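Shown next, in structure tokens, is the structure this report addresses.
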Amino acid sequence: MSHFPNPEEYSLKQSLSHLEQLPTNTKAFILKKAKGVYLYDIDENKYTDFDLNKGTILEHSPKRLTKFIKNVLSSGLNACGFYHKFAFKAQKHWKKITNFSYIGFYASFIEMILAVINTININKTKICIGYTTQDLYLQLLPLSNIVSLKKIDPSQKITDIDLLLIEEFNDDLEVTKINNCSVPTIKIHSRFLFRAQGIKKEISFESEYLHFITSSPFGGKAIGVLASNVPIDYTPSSFDDGILYLEGAKLFSSLSLSSIMQFSHPQFDCYQGFAKSHKALDTQFFLKRGIYIQKNILYFSPYHSKHDFRRLNQALNEYFNPTSSDIPDQK
């Protein structure tokens, strides 16, 4: 039976024997299963996941979703192009969450951008899209042959663009503030939406913007929900995407704010649903203590328990106050 390891007993015998045979190996272990906020490898080690696919999921393989998918497979609604009951119900739920008249679902960020461009019908041979963060730039790169891209400081006067994209957080992970903007604007809501207590109050859905909610509560597949007060070009989603849109909305609506943990540590800047370390973190050090992290950002889920956070704090204190040889030099 898998259990949280400690440094003295930690072993990756089977994982390493397989990974060494691969031409390139960047993985830490071979995953056996994932459930809730926990990962289990083939060497019977259990880890609390504080990466959560870079924060895009709330939990792994929830029973309710697995059961739901099995039940609806018999409906035969596996083709795109038809409006179906799952998307219909999902739209009703997302309207309540966002208070917007029109809700559209998109399989990707690019699909949403193309739909908006098609709808606003700018009479130019090549339009200019303004963006506020490096992450948005990377997502927009596939469109660089048909649009021009321009980095924008939202606090300054905005000119010479046809469409503006802004994220909740800028590249320094500070809340993005924007002055009045006269061009169509899409506010991109990140994976941290609905994660922490009071977040719904702090993140507003302004009526003058389009709001694209990128969040993936189940299994890592992206959910793209565009909420607006004007109709946007929209192709009906497949039934399996519709399930995610519906179950995601139900989950976000039902999350108990009181159950969402708050995290703080002197070596971290803490935000809504995630925390950024002041120093680099070594993945291997934390794996030996049953904690899975990547780089220097931790992501939190309302399904992390108090015990998970106690173990995390203990491991962080050991990491930043070295007393043994397996702790990297922090100087």
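The values are calculated or read from the model by the stated rules, or taken from the named source; none is laboratory data. Everything numeric here is computed off the predicted structure, so don't read it as measured data. No Cβ is skipped: glycine too gets one built from the backbone with ideal geometry, and neighbour counts run over all protein chains shown.
See the values below:
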quantity	calculated
Count - residues of the stretch 267-309 that are part of a strand (DSSP E or B) and either over 21 Å from the mean Cα position of the chain (by Cα) or buried (at least 18 other Cβ atoms within 10 Å of the Cβ) (or both)	9
Whichever residue in the stretch 1-49 is of a type in the set (S, T, N, Q) and buried (at least 18 other Cβ atoms within 10 Å of the Cβ) and, among such residues, is farthest from His60 (Cα to Cα)	Ser15
Residue match in the stretch 196-211 (condition: assigned to a strand (DSSP E or B), modelled with pLDDT of 85 or more, of a type outside the set (Lys, Arg) and surrounded by 15 or more Cβ atoms within 10 Å (Cβ to Cβ))	yes
Residue identified as of a type outside the set (Phe, Trp, Tyr), surrounded by 18 or more Cβ atoms within 10 Å (Cβ to Cβ) and farther than 19 Å from Leu226 by Cα among Ile166, Ile127, Ile146, Ile152	Ile152
Some residue of the stretch 19-28 being free of Cβ contacts under 8 Å to residues at least 40 places away in the same chain, more than 25 Å from Lys306 (Cβ to Cβ) and in a helix (DSSP H, G or I)	yes
Search result, residues across the stretch 101-112 that are surrounded by 19 or more Cβ atoms within 10 Å (Cβ to Cβ) and either assigned to a loop (DSSP other than H, G, I, E, B) or in contact with a Gly (Cβ under 6 Å, 6 or more places away or on another chain) (or both)	Tyr106, Met112
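The rows are residues; the columns are (1) free of Cβ contacts under 8 Å to residues at least 24 places away in the same chain; (2) closer than 30 Å to Asp240 by Cβ.
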{"site": "Thr98", "(1), (2)": "no, yes"}
{"site": "Ile103", "(1), (2)": "no, yes"}
{"site": "Ala107", "(1), (2)": "no, yes"}
{"site": "Ile117", "(1), (2)": "no, yes"}
{"site": "Tyr131", "(1), (2)": "no, no"}
{"site": "Leu143", "(1), (2)": "no, yes"}
{"site": "Ser148", "(1), (2)": "yes, no"}
{"site": "Pro154", "(1), (2)": "no, no"}
